[in-house]
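Report on one structure; see the data block that follows.
Values quoted throughout were computed directly from the atomic coordinates according to the rules given, and no laboratory measurement underlies them. None of these values were measured; they are calculated from a predicted model. Here the Cβ positions follow ideal geometry from the backbone for every residue, glycine too, while neighbour counts run over all protein chains shown.
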Amino acid sequence: MKAFLKHLLVQLKMDIRERGTLMTYYLVPLIFYFVMGAVFSSTNPLSRQTLSATMVIFSVTMGAVMGIPAPIVKMRETGVLRAYLVCGIPGWAVLFIHSLSAFLHLLIVSIIIFITAPLFFGAAYPKSFPAYFLALFILLFSSIAIGIFIGVAARSQSVGMMFSQAIFLPTVMLSGIMFPAAMLPVPLRLFGWSSSCNLYYELIFRFRKLG
Amino acid sequence: MCRSDEGTMSVKGFNPQVDGRKLRQVLGVQLQASSLPDVIRPKEAMALICSWHGLSPRFDILTRFGIDYQSKKQYHEMSTGQKRRLHLALSLACDPAVVILDEPTAGLDVEGRARFHASIRELKAAGVTIILATHDMAEAESLCDRIAIIIKGRIASCGTPAQITSAGQSETRITLRTKRNCLLPGRDMGCAHFLKQTEEYGVWLCRDTAEAVMELLKEVRKSGDSVEDLRVERPSLEERFLELIEGGAHQ
């Protein structure tokens, strides 16, 4: 347990030093949130009802699906994982600590959005805080699991990036967080259902109801 | 790790295929192609590895290998030599009885190699068993007590460096220069076969070194000349290796 906590601490310190991690976990999602939050809340006041939830979904999906796979594939490609294994660090621990650190970063971003959206853009608070955070945790777990899966399955960083894009873009574009999925043409709506995870789709609705 | 077809394997009493976890407590490994995260610091890397071994951080090992553990330098800012020494230091975190080094000096400059060799000799003096895999024959000859030459996955020759070089067909080279060049132009003398003349030096090859040297010196004395420089070079490990490779190719 001590080793595990030590590893987590070192991992978090490294994440803070790593520009790529800061970009995908914090900078890009938060800039997107501030720009789109201003646009959505001023062009469509009704979007304030779901602003916090949609921005959290976007940030978590981006951080997990785009941010997690690359470092895992890089670790395998550059020999970091081999070095860890021969030094006695189990492979499952490396993956678990990556997941845990990603979870903490994405949780921080989600909380920043949750706190600032009502202050800056007049977004509505959820009706039930426990239900909101339960849904958030499920979203975090499922998104991180997909990110880890891509990282483990992809043979190279370019293939990993391709997989990430193939999951991230349809998920964001067609699942209804940018605009109502019901407005999409039927083929695209079906594609949204089939290509993006059903779980996301369901969670988005849950978020909306809670928001 | 490959499963063995037959027989058993034991490293410090542990079977690597069964007692992997226990074995890691007594085994240090430095791989040729390995790395650490770009942004990790030497101090953090050592603390991390030691924590997984259930030990307090062994910063003394970093100091011993000339790595400033207080430095804020990150892994990607370190030179190749520093990285190699850091990996060696990490492999020693658990005070291993056996250390496996895979091409540890590949890509190092002359100074880096010399420092790394000194570190390996230090370990050897401390009683650590070192298994060194290298393509550098000079390195193997200078560092190893016993050498096994592996060709196509099989041991082609095994023994001390002297045993391996003496077992070959290559001949000893005698290079000789006299004051009045009485032996030039060169010719065969007894068991010494003339090879070539390089400036004022004559070069002979022989199998029986003592006999050949005596023949040459007798001839110099008979001519009333005197020896200015005499060198006897045994076949190097590299020559022996090439001989084995060529032998394998002919077969």
Q: Among B:Lys196, A:Lys6, B:Lys83, B:Lys12, rank each residue by its count of other Cβ atoms within 10 Å, from fewest to most, as a rough exposure measure.
A: B:Lys196, B:Lys12, A:Lys6, B:Lys83
Q | Surrounding net charge for A:Gly151, when Lys and Arg each add one and Asp and Glu each subtract one, Cβ distance under 10 Å | A | +2
Q. For A:10-18, what's the mean count of beta carbons from other chains sitting within 10 Å of each residue's beta carbon?
A. 4
(Q) Between the range B:171-194 and the range A:8-38, how far is it from one alpha carbon centroid to the other, in angstrom? (A) 76
Q: Taking amide H positions as placed in the peptide plane 1.01 Å from N, state which residues far from B:Ala156 in sequence (5 or more) or on other chains have amide H under 5 Å from it.
A: B:Ile149, B:Ile150, B:Ile151
Q. Under a point-charge model restricted to the Cβ atoms of Lys and Arg (+1) and Asp and Glu (-1), what is the dipole moment magnitude of the range B:20-133 relative to its Cα centre, in debye to the nearest 20?
A. 220
Q) Just how large is the dipole of the range B:171-234 about the Cα centre, in debye to the nearest 20, putting +1 at every Lys and Arg Cβ and -1 at every Asp and Glu Cβ? A) 80
**Q.** Label zone at A:Trp92 (point 7 Å along Cα-to-Cβ), backbone N below 20 Å, the range B:1-34
**A.** B:1, B:17-25
Q: Provide a whole-number value for the mean count of partner chain Cβ atoms within 10 Å of the Cβ atoms in peptide B:38-51.
A: 5
Q. Which value in nm describes the separation of the simple spin-label points at B:Val110 and B:Arg21, placed 7 Å from the Cα toward the beta carbon?
A. 5.0
Q: Can you tell me the 0 to 90 degree angle between the C-alpha axis of helix A:157-174 and the longest principal axis of chain A, rounded to 10?
A: 20
Q. Mind checking which lysines have their C-alpha under 29 Å from A:Lys2, skipping anything on the same chain fewer than 8 residues away?
A. A:Lys13, A:Lys74, B:Lys12, B:Lys22, B:Lys43, B:Lys72, B:Lys73, B:Lys83
Q) At what distance in nm do the modelled label points of B:Lys222 and A:Phe141 sit from each other, each positioned 7 Å from its Cα along Cα→Cβ? A) 9.7
Q. What are the ³J(HN,Hα) values, in whole Hz, obtained from phi via the Karplus relation 6.51 cos²θ - 1.76 cosθ + 1.60 with θ = phi - 60°, for each residue of the range B:215-226 in sequence order, with x given for Gly and Pro?
A. 4, 5, 5, 4, 5, 5, 5, 4, 7, x, 9, 9
Q) Which net charge results when you count Lys and Arg as +1 and Asp and Glu as -1 among the other residues whose beta-carbon is under 9 Å from that of B:Phe116? A) +4
Q. What list do you get for B:His76, B:His135 if you sort them by fewest beta carbons within 10 Å?
A. B:His135, B:His76
(Q) Compute a Gaussian network model of chain A, connecting alpha carbons closer than 10 Å, and tell me which residue from A:Ile16, A:Ile148, A:Ile72 fluctuates the most. (A) A:Ile16
Q) Charges only on Cβ, +1 for Lys and Arg, -1 for Asp and Glu: so what's the dipole of the protein assembly as shown about the Cα centre, in debye to the nearest 20? A) 1920
Q) When B:Arg41, B:Arg146, B:Arg207 are ordered from fewest to most other Cβ atoms inside 10 Å of their Cβ, what list results? A) B:Arg146, B:Arg207, B:Arg41
Q. Hey, can you rank B:14-26, A:77-89 by average C-beta count inside 10 Å, highest first?
A. A:77-89, B:14-26
Q. Which value at 222 nm does chain B reach when only helices count, each DSSP H run of 4 or more adding -39,500 (n - 2.57), with the total divided by all residues and rounded to the nearest 500 deg cm²/dmol?
A. -10500 deg cm²/dmol
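Between B:Thr80 and B:Phe194, what is 0.36 nm times their sequence separation minus the Cα-Cα distance? Round to one decimal in nm.
Length difference between fully extended and current span is 36.5 nm.
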Q) Could you state the number of Å between the C-alpha centres of the range B:83-107 and the range B:32-49? A) 13
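Need the full-extension length gain, B:Cys182 to B:Met214, defined as separation in residues times 0.36 nm minus the C-alpha distance. One decimal, nm.
Result for the pair: 10.0 nm of gain on full extension.
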